[in-house]
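I have placed the structure first, in the form of structure tokens, so that the comments after it can refer back to it.
The values are calculated or read from the model by the stated rules, or taken from the named source; none is laboratory data. In this text, all values refer to a predicted model and were calculated from it rather than measured experimentally. Cβ placement follows ideal geometry from the backbone for every residue including glycine, while neighbour counts extend to all protein chains displayed. The accessibility values were calculated without ligands, DNA or RNA, using every heavy atom of the protein model including side chains. Shrake-Rupley method; radii C 1.70, N 1.55, O 1.52, S 1.80 Å.
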Amino acid sequence: MTYRERATAVPGAVLWQRAVPAGASRILPDGCLDLLWDGRRLSVAGPDTRARWHEDPVPARYVALRFSGGTGPALLGVPAHELRDRTPLLEELWPAAVARRLADRVAEDPAGALERWAGERVVDSPADPLGGRVLALARAGVPVAGMAARLGLGVRQLHRRSLDLFGYGPRHLSRVLRLGRALEQVRQGAPLARVAAETGYADQAHLARDVRDLTGTTATALLRGSAG
């Protein structure tokens, strides 16, 4: 499997490309939303609450935009919670003719057309600035009550707005981001006990439970899968 990514001119949007062999791959939650081109169709991968398996019956190549911080819902015009744990075709979310026109553009120049579309769209549909602020606080491990206080919102109001921006509330977003930080350290060879201490878990057992709950397996098994 090959993968590469780069930032775009649109804040919160990353262009990525991946070539995968036939078979199943585990997709880990990351608090993001993706607009994907698979060589034939455009689809939208909504925010996953937990890891899921994706099956490619034949080798495939994907070109996509990954949106974080609430950028995706703004550009696509769909609240993130309506896409949670789903991967609908774009034509299921937009008028079919509009979706087909974008697909025709992307078919001619996948990376360029996706990036141009995002640049055009963000002018008329800018992201809610709250998204970036919530994302930064969640990455920093700020508790939900602390987030709400810093943002001048009630806890329930923060939860409702986070559903639109991320697909789930700030507590689950923080768990997903903490998992990502922990697994990155594990991939770099850090001992699990140190990873747990440095990423905000109570102890190694807490880390193990969270990995199991959010991915369905263990950190060491994920590491072996990445190596393979």
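Return the residues of the range 176-197 that are over 17 Å from Gly216 (Cα atoms) and of a type in the set (Lys, Arg); say none if nothing qualifies. Arg181, Arg187, Arg194 - these are the residues of the range 176-197 that are over 17 Å from Gly216 (Cα atoms) and of a type in the set (Lys, Arg).
Looking only at the range 85-102, count how many residues are farther than 25 Å from Leu163 by Cα and either open to solvent by less than 40 Å² (accessible area, probe 1.4 Å) or within 22 Å of the chain's Cα centre (by Cα) (or both). Before the answer, list the steps.
Initial filter on the range 85-102 (farther than 25 Å from Leu163 by Cα): 96-98, 100-102.
In the following step, the residues that additionally are either open to solvent by less than 40 Å² (accessible area, probe 1.4 Å) or within 22 Å of the chain's Cα centre (by Cα) (or both) were identified as 102.
The qualifying residues number 1.
With respect to the conditions (1) more than 15 Å from the chain's Cα centre (by Cα); (2) within 21 Å of His81 (Cα to Cα); (3) open to solvent by 40 Å² or more (accessible area, probe 1.4 Å); (4) not charged (D, E, K, R), Ala148 lacks only one, and its number is (3). Screening Gly141 on (1) more than 22 Å from the chain's Cα centre (by Cα); (2) assigned to a loop (DSSP other than H, G, I, E, B) shows it passes everything except condition (1). Checking the structure you have, find out if any residue of the range 109-126 is among the aliphatic types (A, V, I, L, M) and more than 23 Å from Pro79 (Cβ to Cβ). Yes, the range 109-126 has at least one match. Scanning the range 1-15 for residues being outside any strand (DSSP E or B) and either under 16 Å from Gly70 (Cα atoms) or touching an Asp or Glu at 6+ places or on another chain (Cβ under 9 Å) (or both) gives a total of 5. Determine whether the range 153-176 contains at least one residue that is open to solvent by less than 40 Å² (accessible area, probe 1.4 Å), in contact (Cβ under 8 Å) with a residue 60 or more places away in the chain, among the hydroxyl-bearing types (Ser, Thr, Tyr) and in contact with a strand residue (DSSP E or B) (Cβ under 8 Å, 6 or more places away or on another chain). No, the range 153-176 contains no residue that is open to solvent by less than 40 Å² (accessible area, probe 1.4 Å), in contact (Cβ under 8 Å) with a residue 60 or more places away in the chain, among the hydroxyl-bearing types (Ser, Thr, Tyr) and in contact with a strand residue (DSSP E or B) (Cβ under 8 Å, 6 or more places away or on another chain).
Provide a single number: the residues in the range 17-36 that are outside any loop (DSSP other than H, G, I, E, B) and either within 24 Å of Leu222 (Cα to Cα) or open to solvent by 20 Å² or more (accessible area, probe 1.4 Å) (or both). Outline the logic, then answer.
At the first step, the residues of the range 17-36 found to be outside any loop (DSSP other than H, G, I, E, B) are 17-20, 23-27, 33-36.
When the remaining residues are screened for being either within 24 Å of Leu222 (Cα to Cα) or open to solvent by 20 Å² or more (accessible area, probe 1.4 Å) (or both), the result is 17-20, 23-27, 33-34, 36.
Within the range 17-36, residues that are outside any loop (DSSP other than H, G, I, E, B) and either within 24 Å of Leu222 (Cα to Cα) or open to solvent by 20 Å² or more (accessible area, probe 1.4 Å) (or both) number 12.
Within the range 200-213, residues that are more than 13 Å from Ala182 (Cβ to Cβ) have Cβ atoms under 6 Å from residues that are aliphatic (A, V, I, L, M) and crowded, with 16+ Cβ neighbours inside 10 Å in no pair, counting only partners at least 6 apart in sequence or on another chain. Confirm whether Leu223 is within 15 Å of Ile27 (Cα to Cα) and in contact with a Lys or Arg (Cβ under 8 Å, 6 or more places away or on another chain). Spelling it out, Leu223 is indeed within 15 Å of Ile27 (Cα to Cα) and in contact with a Lys or Arg (Cβ under 8 Å, 6 or more places away or on another chain). When the range 40-67 is filtered for residues that are modelled with pLDDT under 95, of a type outside the set (D, E, K, R) and open to solvent by less than 50 Å² (accessible area, probe 1.4 Å), only Ala60 remains.
Among (1) in contact (Cβ under 8 Å) with a residue 24 or more places away in the chain; (2) closer than 27 Å to Val211 by Cβ; (3) out of contact with any His (no Cβ under 9 Å at 6 or more places or on another chain), which single condition is Tyr3 missing? Single failed check for Tyr3: (1).
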